[in-house]
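The next block holds one structure in the form of structure tokens; read it before the comments.
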Amino acid sequence: MSKKFLFTISNSVSRPMEPIAILKIASNMKAFEDDAEIVIFLLGEGVQLAKKSVAASISMELEGAKANVGEMLEMAAEIGIRIFVCHGFMPGFDVAPGDLMEGAVAKSSAYLGELLLDGYVPFSLSA
């Protein structure tokens, strides 16, 4: 039985530490345990990260190096981390279905509940 983890990101440009820290933690977990099922669910302001132009514009120094959210999201998708975007928040943050980065899938908030009922361990961060 594989381990299942659900990370939520609800901030983007206003609080970049949250997405950067969560992407770092999730990617490290996947590197340590390739069989782990890891999902990142973007909601609230976090849905903006699904737009390449927004994610690429967010970076900060972390552990002595520049961390860029766009690059981190692309790498996360490449290593098998699934990225879902809460479609209920998309219109309010000017995110259209055609704007989504490759690998990101729009889902309802009900799907978040389904993941939890399916045994995903939730993780969020207030930064």
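The values are calculated or read from the model by the stated rules, or taken from the named source; none is laboratory data. Because the structure is a prediction, the values reported are computed rather than measured. For neighbour counting, all protein chains shown are included, and Cβ atoms are generated from backbone atoms with ideal geometry for every residue, glycine included. Only protein heavy atoms, including side chains, enter the accessible area calculation; ligands, DNA and RNA are left aside. Shrake-Rupley method; radii C 1.70, N 1.55, O 1.52, S 1.80 Å.
Couple of notes before you dig in:
- Applying the condition of being outside any helix (DSSP H, G or I), open to solvent by 30 Å² or more (accessible area, probe 1.4 Å) and touching a residue at least 12 places away in the same chain (Cβ under 8 Å) to the range 95-116 and asking which residue is nearest to Ser12 (Cα to Cα) yields Leu100.
- Of the set (1) in a helix (DSSP H, G or I); (2) within 17 Å of Ser10 (Cα to Cα); (3) touching a strand residue (DSSP E or B) at 6+ places or on another chain (Cβ under 7 Å); (4) open to solvent by 50 Å² or more (accessible area, probe 1.4 Å), all apply to Pro122 but (1).
- The residue pairs whose first member lies in the range 11-39 and is within 19 Å of Gly103 (Cβ to Cβ), whose second member is assigned to a loop (DSSP other than H, G, I, E, B) and open to solvent by 70 Å² or more (accessible area, probe 1.4 Å), and whose beta carbons are closer than 9 Å, counting only pairs six or more residues apart or on different chains, are Ile22/Ser124; Lys24/Glu63; Met29/Lys3; Ala36/Lys3; Glu37/Lys3; Ile38/Lys3.
- Phe89 satisfies every condition listed in (1) open to solvent by less than 60 Å² (accessible area, probe 1.4 Å); (2) modelled with pLDDT of 95 or more; (3) within 20 Å of Pro16 (Cβ to Cβ) except (1).
- Taking the listed residues Lys66, Lys51, the one that is more than 21 Å from Glu37 (Cα to Cα) and in contact with an Asp or Glu (Cβ under 6 Å, 6 or more places away or on another chain) is Lys51, with no other qualifying.
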